[in-house]
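Data block below; observations after.
The values are calculated or read from the model by the stated rules, or taken from the named source; none is laboratory data. Since the model is a prediction, treat every value here as computed from it, not as a measurement. Here Cβ is always computed from backbone atoms with ideal geometry, including for glycine, and neighbour counts include all displayed protein chains. Remember, those area values only see protein heavy atoms, side chains included, never the ligands or the DNA or RNA. Shrake-Rupley method; radii C 1.70, N 1.55, O 1.52, S 1.80 Å.
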Amino acid sequence: MKFEQPAALWGLASLLLLILFSLWRQAAARVTVPSLLLWKKIPERNPPVRALRRPRWRLELLFQALTIAAVVAALAGPYRETEQFAPRRIALVFDTSPRMQAGDRIARMKAFAKNIQDTFGSADQVTSYWWAATPKHFPGSGAVSGLDVHVDLKPMLLAASASAEHVILFSDRPVDGPKLALFGAPADNAGIVELSVSDDEVFIRIVNHGPARPLPIDLVAGDLRVNEIVPAGQRVWSHKADYSKASSVRVTLETKDSFPLDDVVEATKMGPADALVTLAGRHHEALVRVFRSIPGVTVQHGRAPARVAVGFDEEPGPGDWQVWIHSPGVPLTGVPTVAKHPLMADLANRGGNWSRRNSANCPPAPAPGSR
Amino acid sequence: MVFDEGFLRKLEALRLAVRRSISGRREGERLTKRRGGSADFTSHRSYTQGDEFRAIDWNLYGRLGMLYVKEFTREESLTVRLAIDTSASMAPKFEFAQRLGAALALVANREAASIPLPEIENLQLGAPFTVPTVPRGLAIVVSDLWDEGMKPQLMKLRAETAVIHVLSPGELEPPLSGKLRLVDAETRESVVRFVGEEERAAYRRLLADHCDAWKKWCFDREMNYLRCSSSTPLEEIVQVYLREAGVLE
């Protein structure tokens, strides 16, 4: 056993003082005698020194000594050295959203997780969290696989934080709360993590995981094109102009790094909320009324190419029903496309709300009839 | 209170020793020198003025020509009063005092004295104690004599008195040492003393003086005095010490 403050052990010397003090100030033991007649005639005297050689141990003295010893021990901070780590509770949170399927990030994420787990102690409790299409038992992080649906990390991080002291997040996007490094990005990665566009200003927030360096930036908004260089170390960039006429704003960070996923961001002005809803299969009058009550929605029966489909791929039976919601003005080419959307066409007239879309991460439009 | 049979037989052979003439009013088994109505003639003595004429032995006067009066013995009952100190200071030797008192009561009761044994047995330690008034007969006081206030009470006794001074081994040789708060068992008064060998020797010396003072005080007033330890066997006290002290014979 060692002590953080060995000097505090000198406080044990006060035990000696306590004992000496108690010897000199021994409380008289109470003894009942038949009569004091003779004892009163015997003069009182101070105890001789030799009488103090044998201390009369009392419970009070014992408690005082124990109290002093406990205080001194607490001040000294005893500890025991060991080669083993204290058991830790660690949670690994994997982002299995479709974005992580780009490249070999899932495989790299799993390999990196395995390397981390190899450094854990045998007594550490490791729990893995990731979204799965169906509930099932997973033996470990090796079973992590990507999904085709959006993954909300916050519930997983909340659950992980509740069950572990240490949370390690494997993701390519920042999340409030845990400290994380952008996974999948090499050490020299720089990218755009926030884009905000209004009628008169474009604002971006830049993250640079590599060395500080000037970053060329390219902005395209309709006919307007801006090329500037963000100084080294600067984390934000903005540009003021009239963007009210632009249907979309695209900002490109020309970093030429090995992770281009976060180098391009684009915002598209929302158009009017017109949509064509095609229903097939069993007819639900209430459903038809619901769709028709939405402004800009046209309801028709039959089958049609769908932007969003709810139903089955197979031919619907008499009890099945299918709903396709699509915009007739959007060409469905099957390749990533950002086009003027009718739903966004009139957005400027309705207050200029803009949405952010990472064009490189845009999933392909589903083929008609696909899930 | 139980005595074995052998001890009871030894008690039967004992009787109270009374030095003075007994002045009990009732007639009993004990003979006194007082002239009385008994038919037991003892002696003649010369007539003195004031003697009754009927006591004159006229036959002797006819032969000798001198006046003599006859003397007869009178049997009187013995009045015995036993007082056992019940003060709190008697705690370590109270049972011994009760047994000693019971033994003396058994001896006394054989001589027509009536000391009820249950009274001795039911004595309560800690009850206030005063020496009872005994106008005549024999008074036996068993006490530790720590109360100097007993002296005036003993002096008021007109009866023949025997004082049995009982001390416990702890009083004779106090097993005390170190710094002590000594508390009086009766008054709860306390004093603080360091007790070492020096103090124990002083105590022994003071105790001896205390006992000698009581002994002298009793002898000066024609009282029997006996000091005994409560650790001494009762049989030895009764058979030896009380006989040597003249309390029993």
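For the stretch A:228-266, taking the residues that are at pLDDT 90 or above and of a type in the set (Phe, Trp, Tyr), the one that is nearest to A:ASP199 (Cα to Cα) is identified as A:TYR243.
Restricted to the stretch A:267-278, and to residues there that are open to solvent by less than 30 Å² (accessible area, probe 1.4 Å) and not basic (Lys, Arg), the residue that is modelled with the highest pLDDT is A:ALA267. Taking every residue in the stretch A:27-54 that is more than 7 Å from chain B (Cβ to nearest Cβ) and pairing it with any residue that is in a helix (DSSP H, G or I) and at pLDDT below 80, at least 6 positions away or on another chain, the pairs with Cβ-Cβ distances below 8 Å are A:LEU52/A:LEU23; A:LEU52/A:TRP24.
In the stretch A:103-124, the residues that are assigned by TED's automatic domain parsing to the domain that holds A:SER141 form Cβ pairs under 6 Å with partners that are of a type in the set (A, V, I, L, M) and in a loop (DSSP other than H, G, I, E, B), at six or more places apart or across chains, as follows: A:LYS110/A:VAL144.
For the stretch A:118-130, a residue qualifies if it is surrounded by 14 or more Cβ atoms within 10 Å (Cβ to Cβ) and part of a loop (DSSP other than H, G, I, E, B), and the qualifying residues are A:PHE120, A:ASP124.
The rows are residues; the columns are (1) hydrophobic (A, V, I, L, M, F, W, C); (2) assigned to a loop (DSSP other than H, G, I, E, B); (3) at pLDDT below 85.
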position	(1), (2), (3)
A:ALA162	yes, no, no
A:ASP176	no, yes, yes
A:LEU180	yes, yes, yes
A:LEU195	yes, no, no
A:ASP199	no, yes, no
A:ARG213	no, yes, no
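For the stretch A:267-280, a residue qualifies if it is assigned to a loop (DSSP other than H, G, I, E, B), more than 22 Å from A:GLU194 (Cβ to Cβ) and hydrophobic (A, V, I, L, M, F, W, C), and exactly one does: A:ALA273. Residues in the stretch A:54-100 that are open to solvent by 70 Å² or more (accessible area, probe 1.4 Å) and touching a helix residue (DSSP H, G or I) at 6+ places or on another chain (Cβ under 9 Å) were compared, and the one that is modelled with the lowest pLDDT is A:ARG56. Within the stretch B:28-82, the set of residues being among the β-branched types (Val, Ile, Thr), at pLDDT below 85 and not in a strand (DSSP E or B) comprises B:THR73, B:THR79. Taking every residue in the stretch A:264-276 that is within 30 Å of A:ARG205 (Cβ to Cβ) and acidic (Asp, Glu) and pairing it with any residue that is open to solvent by less than 20 Å² (accessible area, probe 1.4 Å) and modelled with pLDDT of 80 or more, at least 6 positions away or on another chain, the pairs with Cβ-Cβ distances below 9 Å are A:GLU266/A:VAL249; A:GLU266/A:VAL251. Among residues of the stretch B:185-203 that are more than 7 Å from chain A (Cβ to nearest Cβ), those with a beta-carbon under 9 Å from a residue that is among the basic types (Lys, Arg) and surrounded by fewer than 16 Cβ atoms within 10 Å (Cβ to Cβ) at least six positions away or on a different chain give the pairs B:SER190/A:ARG30; B:SER190/B:ARG181; B:GLU198/A:ARG45.
Selection within the stretch B:204-221: residues that are surrounded by 14 or more Cβ atoms within 10 Å (Cβ to Cβ) and more than 29 Å from B:GLY178 (Cβ to Cβ). The member of this set that is nearest to the other protein chains (Cβ to nearest Cβ) is B:TRP214. Residue count for the stretch A:67-117 under the criterion of being among the charged types (D, E, K, R) and in a strand (DSSP E or B): the result is 1.
Scanning the stretch B:87-120 for residues that are surrounded by fewer than 16 Cβ atoms within 10 Å (Cβ to Cβ) and not in a loop (DSSP other than H, G, I, E, B) turns up B:GLU95, B:ASN109, B:LEU117, B:PRO118, B:GLU119. Taking the stretch B:190-249 on its own, how many of its residues are among the polar types (S, T, N, Q) and part of a helix (DSSP H, G or I)? Looking only at that region, the number is 1. I'd like to know if the stretch B:173-192 contains one or more residues that are within 20 Å of B:TYR225 (Cβ to Cβ) and buried (at least 16 other Cβ atoms within 10 Å of the Cβ). The answer is no, given that none of the residues of the stretch B:173-192 is within 20 Å of B:TYR225 (Cβ to Cβ) and buried (at least 16 other Cβ atoms within 10 Å of the Cβ). What are the pairs, 6+ residues apart or on separate chains, where a residue within the stretch B:109-123 that is at negative phi has its Cβ under 7 Å from a residue that is modelled with pLDDT under 85 and open to solvent by 60 Å² or more (accessible area, probe 1.4 Å)? From residues that are at negative phi, the pairs are B:GLU111/B:ARG15; B:GLU111/B:GLU29; B:GLU121/B:MET1.
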